[in-house]
Amino acid sequence: MFPWVNGFKWDAGHVIFLGAFYTVVMIVLATVVRALVRSRHHVRVEKVEAFRWKQDFHDLPARDRRCRHELNGEVDSRLCENGFDCRSCAKHPEFVQAAAARADLPKGELFGFPMPLDRLYHRGHTWVRKEKDGTLSVGLDELGARLIGKPERLDLPELGQHLNANATAWSAARNGATIRVLAPIEGTVLATGGPDQGWYLKLRPDGPQPDTRHLLRDGEAVRWMSRELDRLQLLATHGACPALADGGALVEDLGAALPKNEWAAVCGEMLLEP
Amino acid sequence: MDRSYIARGLERCTTRRFLMWLLPWTLLLAFGLYAAGLCLFKGLNQTNMDNRFAFGLWIFLDLTVIALGAGAFFTGFLVYILRMHELKAVINSAVVIGLVCYSGAVTVLMVDVGQPLRAWFTFWHPNVHSMLTEVTFCITCYLTVLAIEYLPLLLKNRRLRQVPSFLVFEFELHRVMYVLAGVGTFLSFFHQGSLGGLYGVLRGRPFAFREALGVWPSTFFLFVLSAAAVGPSFVLLTTWLVEKITGHQLVERTVMQKLGRLSGVLLIVYVLLKTIDTLVWMNRTVPGEGFSPQQFYGFEPFGVWILFAEIVVFGLLPAVVLLDARRRASQAWLLTAAGFACFGVALNRFVMTIQTLALPTLPFDRFLSYWPSWQEVGTFLAVVAYGVLVYSLSYRYLILFPQERDLKAR
């Protein structure tokens, strides 16, 4: 095993066999130590939320990772590879140009479902609205609000905390499960609200002109929401949303309408938490 | 009760039902541990092995289990090195199977060798010219690699990933998985090979002895190839079994067929090489040692039929079925062929272990028979129970089949 151990000889057998063994051990050890050191570093510089989203996005089923431009009809079939952050997507500007030429994007409300277009929508069912004072209001869209319903506990971020896009913005506990809601945009928390105020967070954006290219707007948001309602109908099997296509309406509180386990699974899927 | 530990969107039975499932396996494990304890504390007189019949049920089943567990290294090699992404659907399950198989085999070896407190002697004073030393080092290293590969699965548990350091460590481990897959392939190649090699170098046992290709006897390469061939088949069979027990579809049918095809390709190459090896052994090796091949097949029940069964019935036939796309598309054919392939490798390990030792080699030798004691059987049943328990817990609390949720939603 070692040169000083009885039985060791400096011959080809010992050198080749033990050399190969020590090489393997060193590779395995170095790999694990490297992973440990890098993990420690990432935890220290508070990159945990970025990793959480990377993992969550990677684990989302393909049907939940459709590119926004597929929903919009600009491309037949495309999976998002950028964690729904169109700002880092090379193809996004091309698709935007193509979309500008189209005039058939729907506007307004959906099945009696309010979709105010004064705000921008995130794929995790939150919205962002630029206020006159330069701050950003963040809230849950109508579907998100009906999904979560009345939470038993709300864990909002602390004032002054900086949020990154797609990091956990807040979490809501209900029916024995905790549902996390993604931040639609980066910014520093100035105030916290709740379901009764109609908004959850007031953020100070990172710059004077916050980059919102990754958020859905106008007709494409309506089209996306229509697809989300279809998805919800497929997921919820217990008749909480039985007849949207026939003019029926989504129940006000899905948390009360669905069995607990199914509700948690549906929330996870719709709010992009696999 | 344990719902918060189960990944969202996965359907699992109630805690009570799950505990009821675990109960008989736990009892079997307890019985097996008692049997193993007897062997460890009272010695190998608890077994029916002796100085003449030194390899018995344990070594035969160890070799089989290690060959079947090869799905872990081979699937890892295909996914992370050859980038066959569709096999990601079964890689997690393959890792758990590998971990169970290897840890179980190492535990049984520990009972077989005895004196576990002196196990470190093997590493401290290695005989570098022994195939068994190579096996010991490689299996220990590979078991460590498998444990590290299992770690990301574990850390991905819904509750554990709430701990920030676990979440990030899992991510970082996942990024270096190709390194571990490469190391695992290297180690598996050598220990699977050395397990075969240790029979091939038995010059005093002409039934097993084979001529060398380079420094290794031909059995070195045949063991590697046969293990790689049946690994995917065993992953396929276990996946189907879990589907049947749980009532959920876990992977796309195309993944099953892909596993079957991989098995088929490797199996046909193995059958070809095994046939050549047998012909060389019959016409050159055995006569060179002063024997005739018929001598080895004259002791019932080990007639020529066993050679035919090993190469044709459980080798060539499943290989042909698995290579035929039309037959592969039928689940009955696919599963039967995969089962035959796995049985074939088990038969090969049986022949190499039991038949080799049972046959007389010296004029005053007689044909020996051996039947395992209940302690030997009990010890191995403990490994089976342990495997079922680890796999069941992993299936319930970890994501073993990433396609499961998607398939359920369809």
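May I ask you to sort B:245, A:27, A:179, B:6 by Cβ crowding, counting other Cβ atoms within 10 Å and putting the fewest first?
Ordered by Cβ neighbours within 10 Å, fewest first: B:245, A:27, B:6, A:179.
In peptide A:55-64, how many Cβ atoms from other protein chains are near each Cβ within 10 Å, on average?
3
Could you give me the percent of Cα pairs per 10 Å distance bin for the stretch B:57-188, shortest bin first, beginning at zero and ending with the bin that holds the maximum distance?
Per 10 Å bin, starting at 0, the Cα pair percentages come out as 12, 38, 31, 16, 2.
For the stretch A:114-158, restrict the atom set to alpha-carbon positions and state the Rg and Dmax in Å.
According to the Cα coordinates of the stretch A:114-158, Rg and Dmax are 11.8, 33 Å.
If you build the convex hull over the alpha carbons only and average its shadow over all orientations, what do you get for chain A? Give it in nm² to one decimal.
Over every viewing direction, the Cα hull of chain A projects on average to 21.8 nm².
Report, as an integer, the average count of C-beta atoms from other chains found within 10 Å of each Cβ along A:34-42.
6
If you keep only loop residues by DSSP, which chymotrypsin sites (Phe, Trp or Tyr not before Pro) in the stretch B:338-371 have at most 10 other Cβ atoms within 10 Å of their Cβ?
In loop regions of the stretch B:338-371 (DSSP not H, G, I, E or B), the sparsely surrounded chymotrypsin sites (Phe, Trp or Tyr not before Pro) are B:364.
Using Stokes-Einstein with the Kirkwood hydrodynamic radius over Cα pairs, what translational diffusion coefficient do you get for the stretch B:253-339 at 4 °C and a viscosity of 1.567 mPa s, in µm²/s rounded to a whole number?
In µm²/s, the coefficient rounds to 90.
Can you tell me how much longer the chain between residue A:98 and residue A:23 gets when fully stretched, taken as 0.36 nm per residue apart minus their C-alpha distance, in nm with one decimal?
Fully extending the segment from residue A:98 to residue A:23 adds 21.5 nm.
Taking the highest mean first, how do the peptides A:256-265, B:177-186 order by number of other beta carbon atoms within 10 angstrom per residue?
B:177-186, A:256-265
Please state, to two decimals, what the Cα-based radius of gyration of the protein assembly as shown comes to when divided by 2.2 N^0.38 Å (N = residues).
In units of the 2.2 N^0.38 Å rule of thumb, it is 1.15.
For residue A:202, go through the lysines and keep the ones whose alpha-carbon is under 18 Å away, minus same-chain ones fewer than eight residues off.
Partners within reach: A:130, A:132.
Test of understanding: what is the full-extension gain from residue B:324 to residue B:252, defined as 0.36 nm times their sequence separation minus their Cα-Cα distance?
Between residue B:324 and residue B:252, full extension yields 24.0 nm more.
Counting only other chains, and only Cβ atoms inside 10 Å, what mean value do you get across the residues of B:55-67?
Averaged over the peptide's residues, the number is 0.
How do A:36-48, B:156-168 rank on mean C-beta neighbours within 10 Å, highest first?
The packing order, highest mean first, is B:156-168, A:36-48.
Check every DSSP H run in chain A and write down those whose alpha carbon atoms cover 24 angstrom or more along the long axis and whose mean Kyte-Doolittle hydropathy is 1.0 or greater.
A:12-44
Calculate the FRET efficiency for residue B:154 and residue A:155 from the Cβ-Cβ distance with a Förster distance of 25 Å, rounded to the nearest 0.05.
Rounded to the nearest 0.05, the efficiency is 0.45.
Which listed residue (B:367, B:145, B:174) has the Cα farthest towards the positive end of the charge dipole for chain B, taking +1 on Lys and Arg C-beta and -1 on Asp and Glu C-beta about the Cα centre?
Value: B:174.
Can you pick out the pairs among A:260/B:244; A:54/B:88; A:91/B:88; B:88/B:408 whose Cα atoms lie more than 23 Å from each other?
Pairs exceeding the cut-off: A:260/B:244; A:91/B:88.
Run the quick spin-label model on residue B:362 and residue A:206: label points 7 Å from Cα toward the beta carbon, then report their separation in nm to one decimal.
Once both label points are built, they end up 8.1 nm from each other.
For the stretch B:131-283, take every pair of Cα atoms, bin their distances at 10 Å starting from 0, and report each bin as a whole percent.
In order of increasing distance, the bins hold 10, 26, 32, 21, 9, 3, 0 percent.
Once the Cα atoms of helix B:57-68 and of chain B are each reduced to a long axis, what angle between those two axes, in degrees from 0 to 90 to the nearest 10, is obtained?
50 degrees
Counting Lys and Arg as +1 and Asp and Glu as -1, what is the net charge of the other residues whose Cβ lies under 15 Å from the Cβ of residue B:359?
+1
If each DSSP helix of 4+ residues adds -39,500 (n - 2.57) and the sum is divided by the residues in chain B, what number results at 222 nm, nearest 500 deg cm²/dmol?
My calculation for chain B gives -21500 deg cm²/dmol from helical runs alone.
How would you order B:63-71, B:218-226 from highest to lowest mean count of nearby Cβ atoms within 10 Å?
B:63-71, B:218-226
Kindly state, to the nearest 0.05, the FRET efficiency for residue B:283 paired with residue A:87, given R0 = 56 Å and r defined as their beta-carbon distance.
The pair residue B:283/residue A:87 has a calculated efficiency of 0.20.
A short reminder: the numbers here are calculations on the coordinates, not readings from a lab. Values in this document were obtained by computation on a predicted structure and should not be read as measured data. Methodologically, a virtual Cβ is constructed for each residue, glycine included, from the backbone with ideal geometry; neighbour enumeration extends over all protein chains shown.
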